[in-house]
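As structure tokens, the structure follows; a few thoughts come after it.
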Amino acid sequence: MKFLFSILVFLFSFSAFAQENLLRPPAQHEWRALSQDLEILELGTDESGIFSSKVLFLRSALKQHRVVVTRAKDFSFQKATVRALAKKQNAVLTINANFFDPKSNPLGIVVHRGIVFNNLHRGGNVLTGVFQVKDTGLSIIPRNKFSLEGILEAVQSGPRLIYNGREVDGLKQSQETSRRAGVCIDNIGRVVFFCTNSGFIGLSLEQLQKLLLRPEIQCKDALNLDGGGSAQMYIKYNGESSQDQSLSLFIPGRDEVPVALSLIEKEDA
């Protein structure tokens, strides 16, 4: 059943891009500007044919947008697709975040608007990182460095993929392939969200680390979010001026999720 789901996701994604040419850049591996604050890029692994996987990236300097944690329970859901969650708040982007248990309870810290909804998970070797938002900016930190002081938004996931511009060594099961989702802060402080967009078998953590360090991306710190059937991303941008480009795209997952990260317009933008 999971293999059939992967095939359907692959065919859906390929068809959407082929019909609308959404990711056709002016030259290979160049970011496509949707607006002054939003850019999009698709990169693939080095493998060819059905073993090649593509990853979709959306980047923002947060001049006109901000990152918030989105809880399904805030909209009377136990869990939901990221598309449903995005539409509830008119988000430009929504991507799945925390891992969760069989009862759809998120694992690890969840903070929204400064309110703690779930506590920090301190054990194990998977949920090793925290993506956090403070008044001073965004950061991805080790869980043992996390403090609630000044926290506006936060989610916990893992493993951490990139630290200070280098691959995090010693990741367990780093060769296993799966659908992936994640978030990174690049070398000049922009936030980059990413999700596997096509490919029958996904990609390994090791392959993902190499993609994130490519010159086009240049992640300084990166965190893996829940993958497999949970990996999903929704983008909806209508354009604010005649120079902007509109985009509507949904990379679906098999499973609905309880917590996500969203990119929404600033009130004073």
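A few comments on the model shown:
- Within this structure, residue 18 fails the test of being out of contact with any strand residue (DSSP E or B) (no Cβ under 8 Å at 6 or more places or on another chain), part of a loop (DSSP other than H, G, I, E, B) and at pLDDT below 95.
- Members of segment 68-105 that are within 12 Å of residue 259 (Cα to Cα), of a type outside the set (Ser, Thr, Tyr) and within 14 Å of the chain's Cα centre (by Cα): 68, 69, 82, 86, 95, 96, 97, 98, 99
- Candidates 244, 169, 255: the one that is surrounded by fewer than 20 Cβ atoms within 10 Å (Cβ to Cβ), charged (D, E, K, R) and in contact with a helix residue (DSSP H, G or I) (Cβ under 7 Å, 6 or more places away or on another chain) is 255.
- Residue in segment 91-101 that is at pLDDT 90 or above, surrounded by 17 or more Cβ atoms within 10 Å (Cβ to Cβ), in a loop (DSSP other than H, G, I, E, B) and out of contact with any Leu (no Cβ under 9 Å at 6 or more places or on another chain) present: no
- Condition met for residue 122 (in contact with a Lys or Arg (Cβ under 8 Å, 6 or more places away or on another chain) and either under 21 Å from residue 197 (Cβ atoms) or among the basic types (Lys, Arg) (or both)): yes
- Elements of the type strands (runs of 3 or more DSSP E) sitting completely within segment 106-148 and holding at least 2 residues that are crowded, with 18+ Cβ neighbours inside 10 Å and within 19 Å of the chain's Cα centre (by Cα): these cover 110-112, 129-134, 137-142.
The values are calculated or read from the model by the stated rules, or taken from the named source; none is laboratory data. Treat the numbers as computed from the prediction; the structure is a model and nothing was measured. Virtual Cβ from ideal backbone geometry, glycine too; neighbours counted across all protein chains shown.
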